[in-house]
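Shown next, in structure tokens, is the structure this report addresses.
The values are calculated or read from the model by the stated rules, or taken from the named source; none is laboratory data. On a predicted model such as this, the values are computed, not experimentally measured, just so you know. Virtual Cβ from ideal backbone geometry, glycine too; neighbours counted across all protein chains shown.
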Amino acid sequence: MTKLDVRSAAHIDPALSDVRIRPYGITDHDRVHRMSGRLSAASLYTRFFSGTPRIPDYYTGMLDGLDHWDREAMVALDGDEIAGIAEYVRHTGHPWRADIAVLITDPWQHRGLGSTLVACLAQLAGRRGITEFDADVILTNRNAVHFVRRGWPAVRPTSEGGSAHFRLPLPAPTGPDPG
């Protein structure tokens with residue numbers, strides 16, 4: 001597998017140079033549970049669209065069942081702890097599209113980690129034939145809405161209830177230099 005260059009993301013915190021990004025592995029199960037201690041109620045709500053006191057068990061079960069093709073997750077490790085997760089789930093009826101979701105622990109928010117994880121995940125998804133991400137964002141999650149508008153300024157959401165749905169075209173995957 002080609003190494004993903006974390007430092008290529010623009011406007012990132014210099015502390016990200018110490019963060020390791022890699023695909024989720026079964027040994028990360030307990031790390032995900034420990035993440036709950038570094039997530040505020042607001043962070044949990046904006047990711048899971050409900051008031052949950054911790055990361056739900058169904059979520060860790062879903063991560064443990066990844067096939068690393070149609071369902072993939074990248075984790076950012078700060079030492080031995082997960083600082084963030086970005087995952088996609090490919091649409092069965094539209095295999096070129098995938099739903100994306102991101103969860104960043106509170107100490108790592110606003111430092112470029114989410115952008116970096118999405119960039120790495122998009123690069124991997126593009127190599128697997130995915131050309132669009134679908135993202136559902138609670139309207140009160142201004143940081144996520146700002147991130148989408150900054151990265152995809154031409155995209156306009158559709159709204160339903162208290163959330164916005166974005167269809168985000170991925171850049172063409174970059175292959176080896178033909179020359």
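Things to note:
- Residue in segment 127-136 that is touching a residue at least 24 places away in the same chain (Cβ under 8 Å), closer than 21 Å to residue 54 by Cα and surrounded by fewer than 21 Cβ atoms within 10 Å (Cβ to Cβ) present: yes
- Exclusive hit being modelled with pLDDT of 95 or more, of a type in the set (A, V, I, L, M) and surrounded by 14 or more Cβ atoms within 10 Å (Cβ to Cβ), set 144, 86: 86
- The single condition among (1) part of a loop (DSSP other than H, G, I, E, B); (2) more than 22 Å from residue 98 (Cα to Cα) that residue 69 does not satisfy is (2).
- Qualifying residue in segment 142-158 (condition: closer than 26 Å to residue 54 by Cα and either basic (Lys, Arg) or in contact with a Lys or Arg (Cβ under 9 Å, 6 or more places away or on another chain) (or both)): yes
- For residue 81, the test of being within 16 Å of the chain's Cα centre (by Cα), at pLDDT 95 or above and of a type in the set (Asp, Glu) is failed.
Residues checked against (1) within 15 Å of the chain's Cα centre (by Cα); (2) in contact (Cβ under 8 Å) with a residue 60 or more places away in the chain:
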site	(1), (2)
52	no, no
58	no, no
61	no, no
70	yes, no
87	yes, yes
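- Segment 110-143: number of residues that are part of a loop (DSSP other than H, G, I, E, B) and either in contact with a Gly (Cβ under 9 Å, 6 or more places away or on another chain) or more than 18 Å from residue 84 (Cβ to Cβ) (or both): 6
- Test: residue in segment 113-124 that is among the small types (Gly, Ala, Ser), buried (at least 20 other Cβ atoms within 10 Å of the Cβ) and without any contact (Cβ under 8 Å) to a residue 40 or more places away in the chain: yes
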